[in-house]
Amino acid sequence: MSASESTVRELLAKLVGFDTTSAKSNLDLIAFVADHLKSHGIASTRVRSPDGDKADLFATIGGKGDGGIGLSGHSDCVPVEGQRWTSDPFNLTERAGKLYGRGTCDMKGFLACVLASVPLFKSRALKEPVHIIISYDEEVGCTGVRPLIARLGHDLPRPRAIIVGEPTGMAVIDAHKRIDAYRTRVTGREAHSSMPELGVNAIAAAAALIGEIERLGANIGTKQNDPRFEPPFSTVSVGTIQGGTAANIVPKTCEFQWQVRSLPSAAPAEVPRDLSAFAKTALLPRMRQVTKEAAIDTEAQGSVPAFVAAPASPAVALALELTGAQATQAVSYTTEAGLFEQAGCPSVICGPGNIAQAHAADEYVSIAQLDACMAFLEGLANRLSR
Ligand SMILES: [Zn+2]
């Protein structure tokens, strides 16, 4: 094991040890990172969340001002509740060349490589700076990075290219889909279940709406075909549902959450528009015959923009050069890259680990992937000091 390999492992063990599930504070992790940077003489800026419980971190190695290369990762991870783990998810454990723990793959492995490379970047006469960008609340709609992005080019430097180190197996990703999240609430009327005709069954109406969402989704699949994506079309999915009080009461309310994952080229508002037309024509007239209070309301719950790298993107060119990859790929999951790109920072996604292990029980990153990421970062240091 090389010195840099053991440093990566120590740093990863530390990062995994902080339970930064999105619902919890990440301030201890951010303080650890800030101390690590400070021990190498690097100052960092924290961008606090509105409630003060979380923070982004921005730090620069090398010169001041705009330009330079951003290395970006999120500090939060998904919950372990309900998953069966072989070992403690917050205690980094090695088995057969793989390092297990929550966030190892998505995406503390990348952060550990970046932090382990700080002495290397510091030791070089960098012609342009390296910026370290760490966010919170990526896993709950990429909301945490937005206040930091708003400051780029204002009181924080705007990198000329950003590498988002999400797990791609070090492949170079230049496009991803978009997410729009919704909550639909059905209001009906309560009644004794022996006389259902006096009530309006909110669960039954919700079931009809969900059936329509599935039908609309299947229809999209027959109309779109972009072979860069897997699956090659936009998709819909219902994620949660709640409703009803008891088996013998016609339920008054039911609500469910659902989302549309759209191809970058697709019109994202089509499904909610068609669903609303279905509600108005097929469901509401009947429901309102029983009670005027019957309602179906769909509320947008936030979106994550699609990512499409600009033609001749300097970020994509850099990642291709550093990995030696011949071609780029597209993915169906979302990242912060679309937000950076929208804000005028050309971005690319390239990082260690396989997305198949992200969010799963027994999440791991292989040591070989961390080595490949360290080689990538060394190549970046060479490139920037050439
Ligand atoms: Zn991630």
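Residues satisfying the criterion are absent from region 151-161 (criterion: surrounded by 24 or more Cβ atoms within 10 Å (Cβ to Cβ) and touching a Ser or Thr at 6+ places or on another chain (Cβ under 7 Å)). In region 18-40, the residue that is farthest from residue 124 (Cα to Cα) out of those that are over 22 Å from the mean Cα position of the chain (by Cα) and open to solvent by less than 60 Å² (accessible area, probe 1.4 Å) is 31.
Quick check on my filter: what residues within region 96-133 are away from the ligand (no atom under 15 Å from the Cβ), touching a residue at least 12 places away in the same chain (Cβ under 8 Å), more than 15 Å from residue 11 (Cβ to Cβ) and in a loop (DSSP other than H, G, I, E, B)? If you could, list the steps in order and put the result at the bottom.
Here is the first cut: in region 96-133, the residues away from the ligand (no atom under 15 Å from the Cβ) are 96-100, 115-132.
Next, only the ones that are touching a residue at least 12 places away in the same chain (Cβ under 8 Å) stay: 97-100, 115-122, 124-132.
Now narrow it down to the ones that are more than 15 Å from residue 11 (Cβ to Cβ): 97-98, 100, 122, 124-131.
Selection gives 97, 124, 125, 126, 127, 128, 129.
Residues checked against (1) open to solvent by 20 Å² or more (accessible area, probe 1.4 Å); (2) away from the ligand (no atom under 16 Å from the Cβ); (3) under 28 Å from residue 19 (Cβ atoms):
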| residue | (1), (2), (3) |
| --- | --- |
| 137 | yes, no, yes |
| 142 | no, no, yes |
| 147 | yes, yes, yes |
| 182 | yes, yes, no |
| 189 | yes, yes, no |
| 194 | yes, yes, no |
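Between 243, 239, the distinction of being in contact with a Cys (Cβ under 6 Å, 6 or more places away or on another chain) and either touching a residue at least 40 places away in the same chain (Cβ under 8 Å) or not hydrophobic (A, V, I, L, M, F, W, C) (or both) belongs to 243 only. Kindly establish whether residue 230 is surrounded by fewer than 16 Cβ atoms within 10 Å (Cβ to Cβ) and touching a residue at least 60 places away in the same chain (Cβ under 8 Å). Against the criterion (surrounded by fewer than 16 Cβ atoms within 10 Å (Cβ to Cβ) and touching a residue at least 60 places away in the same chain (Cβ under 8 Å)), residue 230 qualifies.
A residue that is hydrophobic (A, V, I, L, M, F, W, C), over 16 Å from residue 110 (Cα atoms) and over 19 Å from the mean Cα position of the chain (by Cα) can be found somewhere in region 1-17. In region 56-71, the residues that are more than 20 Å from residue 36 (Cβ to Cβ) form Cβ pairs under 9 Å with partners that are of a type in the set (Gly, Ala, Ser) and surrounded by fewer than 16 Cβ atoms within 10 Å (Cβ to Cβ), at six or more places apart or across chains, as follows: 66/153. Which pairs do you get when a residue that is near the ligand (Cβ under 10 Å from one of its atoms), found in region 351-362, comes within reach of a residue that is in a loop (DSSP other than H, G, I, E, B) and open to solvent by 40 Å² or more (accessible area, probe 1.4 Å), reach meaning Cβ atoms under 7 angstrom, with the pair 6+ apart or on two chains? Cβ pairs passing all conditions: 355/333. The strands (runs of 3 or more DSSP E) found wholly in region 43-84 and carrying at least 1 residues that are within 16 Å of the ligand (Cβ to nearest atom) occupy 55-61, 69-74. Here residue 139 passes the criteria (1) in contact (Cβ under 8 Å) with a residue 24 or more places away in the chain; (2) out of contact with any Ser or Thr (no Cβ under 7 Å at 6 or more places or on another chain) except the one numbered (2). For beta carbons closer than 7 Å, sequence separation of 6+ or different chains, a first residue in region 8-33 that is acidic (Asp, Glu) and a second that is not in a helix (DSSP H, G or I), the qualifying pairs are 19/90; 28/18.
The values are calculated or read from the model by the stated rules, or taken from the named source; none is laboratory data. Quantities reported herein were computed from a predicted structural model and do not represent experimental measurements. Neighbour counts are summed over all protein chains in view; Cβ atoms, including those assigned to glycine, are modelled from backbone coordinates with ideal geometry. Just the protein is used for accessible areas: all its heavy atoms, side chains included, with ligands, DNA and RNA removed. Shrake-Rupley method; radii C 1.70, N 1.55, O 1.52, S 1.80 Å.
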